[in-house]
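The values are calculated or read from the model by the stated rules, or taken from the named source; none is laboratory data. From a predicted model like this one, the values you see are computed outputs, not experimental measurements. Counting neighbours? That spans all protein chains shown, and the Cβs are built from the backbone with ideal geometry, glycine included. Each accessible area value is taken on the protein alone, full model and side chains, heavy atoms only, with ligands, DNA and RNA left out. Shrake-Rupley method; radii C 1.70, N 1.55, O 1.52, S 1.80 Å.
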Amino acid sequence: MALTTEYATARISFDTDYVSTIDGTAVTSPTTADVFNPATGQVIASVPVTTEAQLDEAIGAARRAFPGWAATPLRERQAIVSAIGDRLAEHAEDFMALLTREQGKPRAGAEWEVLGSAAWFKEIATQSLPEETLLDTEERRVVTRATPVGVVGAIVPWNFPILLAVWKIAPALVAGCTIVVKPSPFTPLCDLKLVELVQDLLPPGVLSAVSGDDDLGKWMTAHPGLDKIAFTGSSETGKHVMASAAGTLKRLTLELGGNDPAIVLPDVDPQKVAPAVFWAAFQNNAQFCNAAKRVFIHEDVYDAVRDALVAYARTVKVGDGGEADTQLGPIQNEPQFRKVREFFDDCHAQGHTFALGGEITDGPGWFVPVTLVDNPPEDSRLVVEEPFGPILPLLKWSDEQDVIRRANDTPYGLGASVWGKDLAAVERVGRQIDAGTVWLNEVHQYSPHQVFGGHKESGIGAENSLHGLAEYTNWQTITLNKAPDAV
Ligand code: NAD
């Protein structure tokens, strides 16, 4: 352990000094890892690589802090979580600039994420799980209540580094849990700064952040000092998390991958639906669990919608998120860039037709052109797997039951959207999709009060709403026999 600083927030620089926070203290590590700006490929910062001993300290501090925090009145915990939201909002400009630098997303996306995260803290702070009295007679009382689950480990991906950390931090703290956050090694900067910035609002050890590599995630999932893992990431890693957590029977919330269908009905106006479907697929440069990853277009409007998508896509500027007119940034990291490139190579090798794009040019930066693939086979890699980058298959359909079957023919079940003027048809189709969120004539509408989670291999459990809050608690039934002569 080294480097203790006072948490006078005015002293926090957003450009340098990225530290872990353990037991209310800023901590460096013997080794550091580089963090890159994906638009340039340049190193922009270095962060501590937390050791196993330091993780033990963070979890030990969280365990010591837990009884006091759990006993803190709910209203006080809610007020603190709300104040964390205010603190984030006060520093919104710094966080947006840093988020663009480390993640690559342009200003509009950074604004949505940072201001949304601040709003999330404030809204989750209004939630509670009141005790339920099931029976209260002269003889007996039976009460069900939700008690905090204990110490939580939060493991966060790189596509929405702040928001997906906040989706874990806010309900954990409201529920009375203490929490250790592990950001993605690709995007640790905003999360480290956020946790550092709010330490003066919390007792030491209640909220810690440890930066490190994937080993750190493995140590966390196996650690006997953690009672729950809240994880967002790929389905593949989610399975490792679940296997590793089984050793200590940890509670788990797993928010995993998706292969969301967007189904376009025959009565749409192609010019109107094209921009909506475009952003359904390409928001956050398609590095989005809930991106539309398979677009099923009715054969009557297929050509018109495809052509309108191509025309619209040509108007969208891809570039450095730091430039004012950029709408789509780069791929966030080099391994992901290589993975996306494999999908391009496979489409070329299989002879698929590109309606737009298809050629990746070499850097600087990990840029990939917006690419639309014209009706590839249903069993092609692009249709079956999650590319997590801006390459999208357009698929033709003619029969309603068949397109529903095709939409559901995936191990994933995260989200879906249906687009059409006939609202009865839109709803009829939507209700037959096996996914956690189904959007009808809109997409990517989230709320702190709206449950979010995946079906099938897209996840276990849920985030947001009282259902999400409940995942940070254990149910407890308390019965009382009031009869004076009972004992
Ligand atoms: P990832 O699974 O590679 O990594 C996620 C996190 O897990 C990172 O912090 C990583 O360091 C850590 N990790 C890696 N290996 C680990 C292990 N063995 N044990 C414990 N932790 C480990 O995912 P990613 O590439 O960062 O994110 C992209 C994926 O996340 C996509 O599949 C996407 O669909 C999914 N995602 C899902 C949601 C959702 O809410 N359902 C949201 C965003 C992203």
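In Å³ and rounded to a whole number, note down the convex hull volume per residue for the Cα atoms of region 69-219.
Numbers: hull volume 17.5 nm³, N = 151.
Hull volume over Cα atoms, normalised by residue count, gives 116 Å³.
Taken as Cα centroids, region 392-413 and region 277-354 sit 19 Å apart, rounded to the nearest whole angstrom.
Can you run the Rg to Rh ratio on region 135-257? Use alpha carbon positions and the Kirkwood inverse-distance Rh.
Numbers: Rg = 16.2 Å, Rh = 15.2 Å.
Here the Rg-to-Rh quotient is 1.07.
Straight Cα distances below 29 angstrom link LYS317 to the lysines LYS105, LYS272, LYS293, LYS339, LYS396, with same-chain residues fewer than 8 positions distant left out. Mark the label point 7 Å from the Cα of LEU134 along Cα→Cβ and return the residues of region 460-480 whose backbone N is within less than 20 Å of it. Zone members listed by number: 467, 470-480.
I need the peptides 137-143, 459-465, 394-400 ranked by packing, meaning the mean over residues of other C-beta atoms within 10 angstrom, with the highest value on top. Present the calculation step by step, with values, prior to reporting the outcome.
Details: 137-143: 12.0, 459-465: 20.6, 394-400: 17.3.
Top of the packing list down: 459-465, 394-400, 137-143.
Heavy atoms of the protein chains alone define the surface here; on that basis region 388-480 has 44 Å² accessible area per residue at 1.4 Å probe size.
What is the magnitude of the charge dipole of region 253-303 about its Cα centre, with +1 placed on the Cβ of each Lys and Arg, -1 on the Cβ of each Asp and Glu, and no other charges, expressed in debye to the nearest 20? It would help to have the intermediate numbers written out before the result.
Details: 3 positive and 7 negative charges, 50 e Å.
Dipole of region 253-303, to the nearest 20 debye: 240 debye.
For the chain, the Stokes-Einstein estimate of translational diffusion at 10 °C and a viscosity of 1.306 mPa s comes to 68 µm²/s, using the Kirkwood hydrodynamic radius over alpha-carbon pairs. Taking one quarter of the surface of the C-alpha convex hull of region 375-441 gives a mean projected area of 4.8 nm².
Computed from the Kirkwood radius of its Cα pairs, the Stokes-Einstein diffusion coefficient for region 40-123 at 37 °C and 0.692 mPa s stands at 211 µm²/s. Once backbone amide H atoms are built at 1.01 Å from N, LYS293 has ASP260, ALA262 as its partners under 5 Å, excluding neighbours fewer than 5 places away on the same chain. Once C-alpha pairs closer than 8 Å and six or more residues apart are averaged by separation and normalised to the residue number of region 352-454, the relative contact order reads 18 percent.
Positive-end ranking of PRO376, GLY358, PRO387 along the dipole of region 310-390, with charges on Cβ about the Cα centre, is headed by GLY358. Beyond 15 Å, how much of the Cα-Cα pair distribution for region 137-187 remains, as a whole percent? Summing the P(r) tail past 15 Å for region 137-187 gives 55 percent.
If you take the alpha carbon atoms of region 258-325 and fit the smallest convex hull around them, that volume is 78 Å³ per residue. For region 92-129, the set of chymotrypsin sites (Phe, Trp or Tyr not before Pro) satisfying both a DSSP loop assignment and a count of at most 13 other C-beta atoms within 10 Å is empty.
For region 263-404, what percent of Cα pairs sit more than 20 Å apart?
On the way: 4382 of 10011 pairs.
Cα-Cα pairs of region 263-404 separated by over 20 Å account for 44 percent.
When a 1.4 Å probe is rolled over the protein heavy atoms, the share of accessible surface on the chain that falls to carbon and sulfur comes to 52 percent. Short to long, the 10 Å bins of the Cα pair-distance histogram for region 191-330 hold 10, 25, 24, 21, 15, 5, 0 percent of all pairs.
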